[in-house]
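Step one of this worksheet: look at the structure below.
The values are calculated or read from the model by the stated rules, or taken from the named source; none is laboratory data. Fair warning: this is a prediction, and the values are worked out from it, not measured in the lab. Counting neighbours? That spans all protein chains shown, and the Cβs are built from the backbone with ideal geometry, glycine included.
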Amino acid sequence: MKNVFALTILLGVIVIVFGSPIAGEAPAIDYRYGSPKPILPMSFAHIDHAQENCVLCHHNYADDTGGGLCMNCHVTEQDVWPLLEQQFHDLCRDCHAEKTAAGIDGGPPRQCMACHLGDDLP
Amino acid sequence: MKALVATLAIVFVITFLAAPTMGAGWFWDAGNALGFAAFGGLLYLTITSVRRLDVRAHQVLGYGVLAVTVAHAFWFLLGDAAAVEFLKPGAPDYMWLGVVSLLSLGVLITAALVPDRIRLHKDYPSFKYWHRVLAIVTLASATYHIVVSNFYLGAWYQAVLFVVVAVAVASARPYWARLGQIRIVGNATYLLFSAIFGAAFVAIRNLSL
């Protein structure tokens, strides 16, 4: 039994290190937007979010905390960078989840690959 | 069998107390149904491990619960190419606690088997003590993994109820003993009811009923 369990854990480690052989295309983890460490790509299409208020995401338009792209601050500011994953999950995923719970097609609420494959949409 | 059905029902029903029809796609929900079935199995193993324990039945069902737990982990590792990022340095603590839960369950089961049990423990009370400690670690880390990941227990009262259930199961063993001897079900029954509750979990969240 312990050998079976050890082998299972070893297989898990191999999948984590080398990736899943059956999951299809994997996201390209790389240095993005000047990030200090490699990060996952993120899909975001403005065209899909046109009905939202701009300042819902672009808080800097209203609170005067900077300008430019989200990533200009969120991956380069020392104080903000460690919160990148939590802040974007809280903002994007929670909003998608709230809409889905309300019966609205509000984008993927949980699936990692639905947002982290990256795309070229504007 | 009633105790198993009640345990699984409590776990799954808590997930439905808020936003019951919020689905994340059959793949994601099915993987998490496996996780909730594994957690229900853990609770059931704890409730039924009272005096005059049928050690063999407890051990065999432990294998089943471990298999479902491993299936839950590998479901995401193999099926979602980005999910592995949740198990690398920098991953959220609630995912690491999921790993801790899986590993401690594996150790809990494998270290309880002879001859390793005899090699590790000088006497039976020592084994029982450490078996209980590891069981509590497994249950606590699994509870943290589920509650803090916040995928299905978005409302505060769901989280509180889930923690209350886990704490009650772990700490009220004298009470469970008073319920009398519960015959521990086999893996076929456990897997059958896990499949039924899991299928309902996925269907309610993803079919327009």
Completion exercise
Every listed condition ((1) at pLDDT 85 or above; (2) closer than 25 Å to residue B:93 by Cα) holds for residue A:71 save (1)
Completion exercise
Per the list (1) touching a Gly at 6+ places or on another chain (Cβ under 8 Å); (2) touching a residue at least 24 places away in the same chain (Cβ under 8 Å); (3) under 19 Å from residue B:29 (Cα atoms), residue check on residue B:70 breaks on (1)
Exercise for the section: Report, ordered by the first and then the second residue, all pairs with beta carbons closer than 7 Å, sequence separation of six or more or different chains, a first member in region A:92-115 that is over 15 Å from residue A:52 (Cα atoms) and within 9 Å of another protein chain (Cβ to nearest Cβ), and a second member that is of a type in the set (Val, Ile, Thr) and part of a helix (DSSP H, G or I). Expected result: A:109/A:100
Problem - residue B:13 vs. criteria β-branched (Val, Ile, Thr), buried (at least 19 other Cβ atoms within 10 Å of the Cβ) and within 25 Å of residue B:205 (Cα to Cα) - result: no
Practice task
Would you check which residues across region A:49-84 are closer than 22 Å to residue A:112 by Cβ and either in contact with a Gly (Cβ under 7 Å, 6 or more places away or on another chain) or of a type in the set (Phe, Trp, Tyr) (or both) and list them?
Solution key: A:75, A:81
Handout entry: Output for region A:78-91, where each listed residue is surrounded by 13 or more Cβ atoms within 10 Å (Cβ to Cβ) and free of Cβ contacts under 8 Å to residues at least 40 places away in the same chain
Key = A:80, A:85, A:87, A:89, A:91
Handout entry: Verdict on residue B:61 being surrounded by 16 or more Cβ atoms within 10 Å (Cβ to Cβ) and free of Cβ contacts under 8 Å to residues at least 40 places away in the same chain
Key = no
Handout entry: Output for region B:136-167, where each listed residue is closer than 14 Å to residue B:43 by Cα and of a type in the set (Gly, Ala, Ser)
Key = B:140, B:141, B:142, B:166
Completion exercise
Given (1) in a loop (DSSP other than H, G, I, E, B); (2) at pLDDT 85 or above, residue A:119 misses just (2)
Problem - Matching residues in region B:98-122 - criterion: being closer than 30 Å to residue A:114 by Cα and surrounded by fewer than 20 Cβ atoms within 10 Å (Cβ to Cβ) - result: B:99, B:100, B:103
Exercise for the section: For region A:14-52, name all the residues that are within 9 Å of chain B (Cβ to nearest Cβ) and part of a helix (DSSP H, G or I). Expected result: A:15, A:16, A:17
Problem - Of all residues making up region B:103-150, the number that are among the polar types (S, T, N, Q) and over 30 Å from residue A:89 (Cβ atoms) - result: 2
Handout entry: Scan of region B:71-106 for residues that are among the hydroxyl-bearing types (Ser, Thr, Tyr) and at pLDDT below 95, ordered by number
Key = B:94
Handout entry: Residue check, residue B:68 surrounded by 18 or more Cβ atoms within 10 Å (Cβ to Cβ), of a type in the set (A, V, I, L, M, F, W, C) and modelled with pLDDT of 95 or more
Key = yes
Fill in the blank from the handout: The one condition residue B:171 fails out of (1) at pLDDT 85 or above; (2) within 19 Å of residue B:132 (Cβ to Cβ); (3) crowded, with 17+ Cβ neighbours inside 10 Å is (3)
Practice task
For residue A:50, state whether it is closer than 30 Å to residue B:107 by Cα, out of contact with any Cys (no Cβ under 7 Å at 6 or more places or on another chain) and at pLDDT below 90.
Solution key: no
Problem - Count of region B:108-134 residues which are hydrophobic (A, V, I, L, M, F, W, C) and under 19 Å from residue B:67 (Cβ atoms) - result: 6
